[in-house]
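Rule-based calculations on the coordinates, nothing more; no lab input. Keep in mind that what you see is a predicted model, and the values were worked out from it rather than measured. Neighbour counts are summed over all protein chains in view; Cβ atoms, including those assigned to glycine, are modelled from backbone coordinates with ideal geometry.
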Amino acid sequence: MAVSWMSAKRYQQVARTAFFALYTIIVTGSLVRLTGSGLGCSDWPNCNNEKFVDVSSGHAAIEQVNRLFTGFVALSVVVAVSGALVMRPRIARLVRNALLLVVGVLAQVILGAYVVLTGLNPWSNMAHFLVSVLLVSSAFVLLKRVETLIHGPKSTSHHDVWLRRLIFVAMSLAVLLGTVVTGAGPHSGSELATRLDISVRFATQIHSLAVWLTVLLSVVYAIRVRRSSSRWIEEGPAVMRLIGLLLVQGFIGYVQYFAGVPAQLVAVHVGLSVAVFLAAFSVFLPTSTLAVLD
């Protein structure tokens, strides 16, 4: 009998690479905007109407590096699909999960082109980021499914399902409203880009309310979990990680707001926003979703 060279542990490394690549492209994409390099390459797929690759200016070089890194991201998800296909036995849920990454990356390429060709329209920029969050969440699920395949499923918790759902909804709302703050804020990616016709102060206040609601719900959930020693062992680390990240992210958010929204802090805030979302996603994620074997 032939033995597949793609073991579950080897595939775990493949899935991890795809996950970190998709996470990193979110951060590098934000740096393009924060450095004002959004139109460093004013055309697509060429950098401009004269050159396919252009690093003649700082802005062009930054945008060009981000585009080239997108190629690595695409390669990582193609390898993830290929690895899932050659595993023996082939596991359908892993294959479908990996294929979803390819579809998402293709959607991002189209959206990225639309962002450039519309002169960094804030609505397209917001969609670009939100699809990135969905993509990295899908990669997160793929990685967790492989871990389940290796270590076996964890016990299913049927407690406080409604509260876990509320935490996830509140966190999703906070991320969505965060993109509105970005769309109205000063870091547009280019001096030529338009901004949302909404007060940055008002957008920030609404975004903060969603974050505080997530904190409140998470604390309530932690208190309920703490009442049971067995639940605390299983669920405590995830909810405390979420609360810790929320507090750090909130602190950075307030500091950047009162400091005049410096680009460096915004970059940290964007990077952490994905980590906080994934922490909330981890609290919400049903164990049955991670099952890979019928």
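Taking the inverse of the average 1/r across all pairs of different Cα atoms in the stretch 1-152, what Kirkwood radius in Å do you get?
Working: mean 1/r = 0.0611 Å⁻¹.
For the stretch 1-152, the Kirkwood estimate is 16.4 Å.
Need one number: nm distance between label points at residue 102 and residue 247, each 7 Å from Cα along Cα→Cβ, rounded to one decimal.
According to this spin-label approximation, the distance is 4.5 nm.
Just to check I understand the Karplus step: with θ = phi - 60° and J = 6.51 cos²θ - 1.76 cosθ + 1.60, what whole-Hz values come out for the stretch 135-147, glycine and proline as x?
Along the stretch 135-147, the couplings run 5, 5, 5, 5, 5, 4, 5, 4, 5, 5, 5, 5, 4 Hz.
Residue by residue through the stretch 208-214, what is 3J(HN,Hα) from phi via Karplus (6.51 cos²θ - 1.76 cosθ + 1.60, θ = phi - 60°)? Round to whole Hz and write x for glycine and proline.
Per-residue couplings from phi come out as 5, 4, 5, 5, 5, 5, 5 Hz.
Of the listed peptides 218-229, 92-103, what is their order by residue-averaged count of other C-beta atoms within 10 Å, with the highest listed first? It would help to have the intermediate numbers written out before the result.
Numbers: 218-229: 15.5, 92-103: 17.9.
Ranked from most to least packed, the peptides come out as 92-103, 218-229.
Rounded to the nearest 500, what is the 222 nm mean residue ellipticity of the chain from helices alone, with -39500 (n - 2.57) per DSSP H run of 4+ residues and division by all residues?
Details: 8 runs with 215 residues, N = 294.
When only DSSP H runs of four or more count, the value is -26000 deg cm²/dmol.
Regarding the chain, what are the three Cα extents along the principal axes, ordered largest first, in Å?
On the principal axes, the chain reaches 57, 53, 23 Å in Cα extent.
No solvent, one uniform scatterer per C-alpha: report log10 I(q)/I(0) for the stretch 171-286 via the Debye equation at q = 0.13 1/Å, two decimals.
The calculated log intensity ratios at q = 0.13 Å⁻¹ are -0.54.
So for the pair residue 6, residue 209, with labels modelled 7 Å out along Cα→Cβ, what separation do we get in nm?
Modelled inter-label distance: 4.8 nm.
Could you tell me how far the Cα centroid of the stretch 76-124 sits from the Cα centroid of the stretch 214-266, in Å?
Cα centroid to Cα centroid, the span is 30 Å.
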